[in-house]
Amino acid sequence: MKYFKIITVLVFLVANQISAQEKLTKEERLEWFKDAKLGVFIHWGYYGVKGIGESWSMYHKRISYDDYMAQGKEFTAKNYDPEAWAKLFKKIGARYAVLTTKHHDGVALWDTKFSHLNVLEKTPAKRDLVAPFVAALRKENLKVGLYYSLIDWSHPDYDVVFPRPNTRKNYPQKKQNQLSPWQRFLKFNNGQLKELSDTFKPDLFWFDGDWEKSSEQWRAQSLKDSLLTWNPKVVVNSRLKTYGDYSTPEQGIPVVRPDGAWEFCMTMNDNWGYFPSDTNYKPKSQIIRTFVEVIASGGNLLLNIGPKPDGTIAKEQVERLEALGDWIRKHETAVFNSKAGLPYGHFYGPTMLNKDETKIYLALFDAPKNYISLKGIQNKVKSIKVVGSNQELSFERNGGAAWNNIPGILRIEIPQEKNLDPNVTIIEVELEDALKLYRGHGNAVELNK
Ligand code: GLC
C-alpha cells in the first residue's frame, strides 16, 4: 500500500513536469531565438556537384531526374569537418545554424529508415551527415536548426511536374491498401519528421515548400501539435502555413519592421547551394549593413552558405562570414545586449536599444558631415562614445522647449576619421534614465519661459 502511494505520487510528479513542459508558451519557446541575432543557413546537397540550382533545376527541366540523382555518386563529403564549421560559426558570433536535412529533391542527409534515397546508401559519403553536425553544434553551445522540405519530388506518392522514372524502389513503405497515396505520403513525411525529432532533438525546425499544398492537405495544425508533443521546446519557422512561430522574409530585406519575431534569410551570391559559376557575391559591407538593418528592426539574419560536395566551404563564403564576425566582435555590446531600436523619424539610419532602454546605438553607414543629429529624446544624456574606439563625443542640445516637453535636437560631434569603422560605425548614446520619446507632431509653445 505504502509503495503504491509513493508510486502514485511519483507518477503524478512526472506527469505534472511533462504537462508543465508542454505548456511552454510561444514566447517562452522563442526566448533564445529572439536574442540570437545571427544564424548560419547551410544548403548542402547533390546540386553542388554540377553546381546547379538546388532541386529547382529538376523542376525547371534543366536536368533530367536521373542525371540530377547521378550527382550523388560524386557527393563525397570527404573533407567534411562539422567541428570546424561549428567553431567558425561560434567565432563569428552566430548562435544557431540550420542545415538542409532534406531539400525538395527528397535526398536525406541522415540515416533514415523511411527511404533509401539517403547519403549513406547512395553516395560515397556512406555515413550520416546530420548526426556529427548536431554533435558539433551542441559542443559549441549553438542551437540546432534542421531544414526539412515538406515537398518531396522523389516520393512516388507526391505528384511532380517533370518526367520522373518509377521511384517506388527507394521507398520501403508497405503498400497499405487502405491508405490513399496522399495519406501514405503524409505518413512518410511524419515518419521522417518524428525520426529527426527523436534522434536529434532540434531546437528549431525550418520548414519549406508549404506553398505547394493547402494547410488542410499538409494537416498543418496536427503536424505542429505533434512536433510540440515530441519536443515541447521546439521553435518552428513560418513555412507551415499559419502554424509557424515567427516570420521568414527571404532575399529582400523588409522595408517596414515586421511584427513579432522574425528572421531574414539571404544568400551571399544568388544561389542557395554551391554554384561556382555564380560569382555575384554581395560585398562584405552589404552583408554587414544588412545585418545591422535586421537587428535594428528586431530580427535575426540567417546568412546562407552552400558547402561544396566534399564538405569544404568556398573561400568567398568563409571570407564573408569572417568579415561579419570581425564586425560583430568589435561591436558586441551593441549587438548582443540590444533589441529593436527607435521608431522611424528620430535618426537617419538604423538604431538599436539596450534591454533597459538606457542606451541608444546609432548606426552610421557613411562618414557623417558637420554633426550627427538625433531628434525627440526627452532624457538627459549622460555620455556619448564611439563603440570600439571608445572616443568620447561632445554633444549639445539645441532648440526645443524642455519646460513644455518638446525636445530639440541633439547635435553630436562627429568622430575622428580613424575611429570610423570601414563598414558601419556605432555610436553609443547613454541616457540618465530609461528612454522617453517625444512622438508629437509639434505644437505651439503655449507657456513661455
Ligand atoms: C526557397 C527555395 C528553396 C530554398 C529556400 C531557402 O523556398 O524554394 O530552394 O531552399 O527558399 O529559404
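No lab work stands behind these numbers, since they all come straight from the coordinates. Since the structure is predicted, the reported quantities are computational estimates derived from the model, not experimental observations. Here Cβ is always computed from backbone atoms with ideal geometry, including for glycine, and neighbour counts include all displayed protein chains.
Worth pointing out:
- Segment residue 62..residue 190, full-extension length gain: 43.0 nm, with 0.36 nm per residue of separation and the alpha-carbon distance subtracted.
- Between the amide H of residue 100 and those of 42, 44, 147, distances stay under 5 Å, these residues lying 5 or more places away or on another chain, with hydrogens modeled in the peptide plane.
- Residue (of 353, 384, 406) at the positive-pole extreme of the stretch 339-431, dipole from beta-carbon charges: 406
- Cross-link partners for residue 122 among the aspartates and glutamates, with Cα-Cα distance under 14 Å and sequence neighbours closer than 8 places in the same chain left out: 66, 67, 74, 105, 111.
- Too-long pairs where the Cα-Cα distance tops 26 Å, listed order kept, from 37/73; 73/169; 213/308; 61/143: 37/73; 213/308; 61/143
- Positive minus negative residues near residue 344 (Lys, Arg vs Asp, Glu; Cβ under 13 Å): +2
- A protection proxy built from the mean count of other Cβ atoms within 10 Å ranks the segments 339-348, 87-96, most packed first, as 87-96, 339-348.
- Cα gyration tensor shape of the stretch 232-279, rounded if a/c is under 1.5, else prolate or oblate by comparing a/b with b/c: oblate
- Between the alpha-carbon centres of the stretch 384-449 and the stretch 299-350 there is a gap of 26 Å.
- Extended-chain gain in nm, criterion 0.36 nm per residue less alpha-carbon gap, residue 225 and residue 380: 50.9 nm
- Tail weight of P(r) past 35 Å, computed on alpha-carbon pairs of the stretch 24-330, percent: 15 percent
- Gyration tensor (alpha-carbon) shape descriptor, the stretch 303-396, a/c threshold 1.5: prolate
- Exposure proxy for 56, 218, 182, 327: other Cβ atoms within 10 Å of each Cβ, ordered fewest to most, give 182, 56, 218, 327.
- About the Cα centre, charge dipole magnitude for the chain (Lys/Arg +1, Asp/Glu -1 at Cβ), debye: 920 debye
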